[in-house]
Amino acid sequence: DKGLAVFTSGGDSQGMNAAVRACVRMAIYLGCKVYFIREGYQGMVDGGDCIQEANWASVSSIIHRGGTIIGSARCQDFRERQGRLKAANNLIQRGITNLVVIGGDGSLTGANLFRQEWSSLLDELVKNKTITTEQQEKFNVLHIVGLVGSIDNDFCGTDMTIGTDTALHRIIEAIDAISSTAYSHQRTFIMEVMGRHCGYLALVGGLACEADFIFIPEMPPKVDWPDRLCSQLAQERSAGQRLNIVIVAEGAMDREGHPITAEDVKKVIDERLKHDARITVLGHVQRGGNPSAFDRILACRMGAEATLALMEATKDSVPVVISLDGNQAVRVPLMECVERTQAVAKAMAEKRWADAVKLRGRS
Ligand code: ADP
């Protein structure tokens, strides 16, 4: 009689459906009553039809679909205690005390906060006479397990996040397609790929497609990058190469903190090398399409493990994230990973700032 609900939150990524399917089916297999929460935390706060019981058939034929069939949203209400109070009541009324949250670090942080507050939310609901003391006693612990859905592979604690592999496929398909036309016309293509804080997609996509130059936020080049770029591209051409590929991650910048955009790169190439240079911004194509085999299987394994972790949780266990460690699906403490992820982002921003101040101060 354990009520379990699964929802997707924040930015979508390919493979989320496969994860939902695995959670639902493992839960049914283990004898749980299982629910979808539509539209992420917004559905949890709104209740009503947004929280629906799922069955074996309701997750049929979704493993291959991109995005998330149960919807995702960004929800301001859940950031406020009043919103979380409504969400808690909606869960209690359905007997749900187990949650699988599939999202990025924001969604997981929200889930952790919700769990920490759970008993005080229940106290308030009893005080308001919204729930009974029997309900409070019966549902006094909320168990949470997180799965990381993100195309950026930007989460500490897991080797791969759900969606990254598919996004890489979209990138390499696009670069391969563009390479053939670039070859015909001896062009230089500048590809902008996603990754505001994390250059994983740009770096790995570049390796897989023999890019000539890659700009990522983690390794800002010196301000003389135009010289290095041009000499590299010129050298490739003089060695007989008919095309050049340059990849720019969204968050790329130089060591002084100036953003480097695809337009900046094109301007340099146009002016100095007089190449026929074109820009392609891949944008949401990277989030689209069917998940790769790797993402489907990763999400299946993680979804099943998430349900198992919830069923094995005791009142003292900490919320966990299901991570990929080598080839194993493992359980790691949720808040430790979120804190490390946020600390890495903060340290990177501080380092960039310090470098920028130092270098600008010198010139
Ligand atoms: P992601 O999960 O992809 O990082 P967001 O950071 O936008 O995306 O978070 C998704 C949702 O999670 C937010 O719209 C909000 O409802 C909830 N959330 C995020 N951070 C918090 C927080 N500190 N407290 C409560 N809820 C949060």
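Residues in the stretch 87-98 include none that are within 29 Å of Q286 (Cβ to Cβ) and either not charged (D, E, K, R) or not in a loop (DSSP other than H, G, I, E, B) (or both).
Kindly check whether there is at least one residue in the stretch 2-19 that is under 22 Å from the mean Cα position of the chain (by Cα), over 21 Å from N140 (Cβ atoms), open to solvent by 30 Å² or more (accessible area, probe 1.4 Å) and away from the ligand (no atom under 12 Å from the Cβ). The answer is no, given that none of the residues of the stretch 2-19 is under 22 Å from the mean Cα position of the chain (by Cα), over 21 Å from N140 (Cβ atoms), open to solvent by 30 Å² or more (accessible area, probe 1.4 Å) and away from the ligand (no atom under 12 Å from the Cβ). Which of the residues spanning the stretch 142-152 are open to solvent by 20 Å² or more (accessible area, probe 1.4 Å) and either touching a His at 6+ places or on another chain (Cβ under 7 Å) or within 13 Å of the ligand (Cβ to nearest atom) (or both)? Scanning the stretch 142-152 gives a single hit, D152. Considering E263, E256, E236, the condition of being modelled with pLDDT of 95 or more and of a type in the set (D, E) is satisfied by E263 alone. Do we find that Q52 is open to solvent by 20 Å² or more (accessible area, probe 1.4 Å), outside any loop (DSSP other than H, G, I, E, B) and either away from the ligand (no atom under 16 Å from the Cβ) or in contact (Cβ under 8 Å) with a residue 40 or more places away in the chain (or both) in this structure? Against the criterion (open to solvent by 20 Å² or more (accessible area, probe 1.4 Å), outside any loop (DSSP other than H, G, I, E, B) and either away from the ligand (no atom under 16 Å from the Cβ) or in contact (Cβ under 8 Å) with a residue 40 or more places away in the chain (or both)), Q52 qualifies.
Taken as a whole, the stretch 97-105 holds at least one residue that is of a type outside the set (D, E), within 16 Å of the ligand (Cβ to nearest atom), modelled with pLDDT under 95 and open to solvent by less than 50 Å² (accessible area, probe 1.4 Å).
Against the list (1) without any contact (Cβ under 8 Å) to a residue 60 or more places away in the chain; (2) assigned to a loop (DSSP other than H, G, I, E, B); (3) open to solvent by 30 Å² or more (accessible area, probe 1.4 Å), the condition I63 fails is (1). The set of residues from the stretch 114-128 being more than 16 Å from the ligand (Cβ to nearest atom) and assigned to a helix (DSSP H, G or I) comprises S119, L122, D123, E124, L125, V126, K127.
If you filter the stretch 228-275 down to residues that are more than 28 Å from the chain's Cα centre (by Cα) and on the phi > 0 side of the Ramachandran plot, you find that the one that is most open to solvent (accessible area, probe 1.4 Å) is K274.
Filtered by the rule that a residue be open to solvent by 60 Å² or more (accessible area, probe 1.4 Å) and assigned to a helix (DSSP H, G or I), the stretch 178-187 gives S180, Y183, S184, H185.
Per the listing L30, L91, L108, the residue uniquely buried (at least 22 other Cβ atoms within 10 Å of the Cβ) and more than 11 Å from the ligand (Cβ to nearest atom) is L91.
Against the conditions (1) at pLDDT 95 or above; (2) more than 20 Å from D154 (Cβ to Cβ); (3) not in a helix (DSSP H, G or I), C300 satisfies every one except (3).
A quick yes/no check of all residues on (1) in a helix (DSSP H, G or I); (2) modelled with pLDDT of 95 or more; (3) over 22 Å from the mean Cα position of the chain (by Cα); (4) closer than 30 Å to K274 by Cα:
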position	(1), (2), (3), (4)
N112	yes, no, no, no
Q135	yes, yes, yes, no
M160	no, yes, no, no
D165	yes, yes, no, no
E192	no, yes, no, yes
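Taking the stretch 308-345 as the range and being closer than 18 Å to A19 by Cα and open to solvent by 80 Å² or more (accessible area, probe 1.4 Å) as the test, the residues that pass are D325, N327, Q328, R331. The residue that is most open to solvent (accessible area, probe 1.4 Å), among those in the stretch 194-227 that are more than 28 Å from A347 (Cβ to Cβ) and assigned to a loop (DSSP other than H, G, I, E, B), is E210. Scanning the stretch 192-246 for residues that are closer than 16 Å to V265 by Cβ and among the aromatic types (F, W, Y) turns up F213, F215, W225.
The values are calculated or read from the model by the stated rules, or taken from the named source; none is laboratory data. This one's a predicted model, so the numbers in the text were calculated from it and none came from an experiment. All Cβ positions, even for glycine, are placed from backbone atoms using ideal geometry, and neighbour counts span all protein chains on display. Heavy atoms of the whole protein, side chains included, go into the accessibility calculation; ligands, DNA and RNA do not. Shrake-Rupley method; radii C 1.70, N 1.55, O 1.52, S 1.80 Å.
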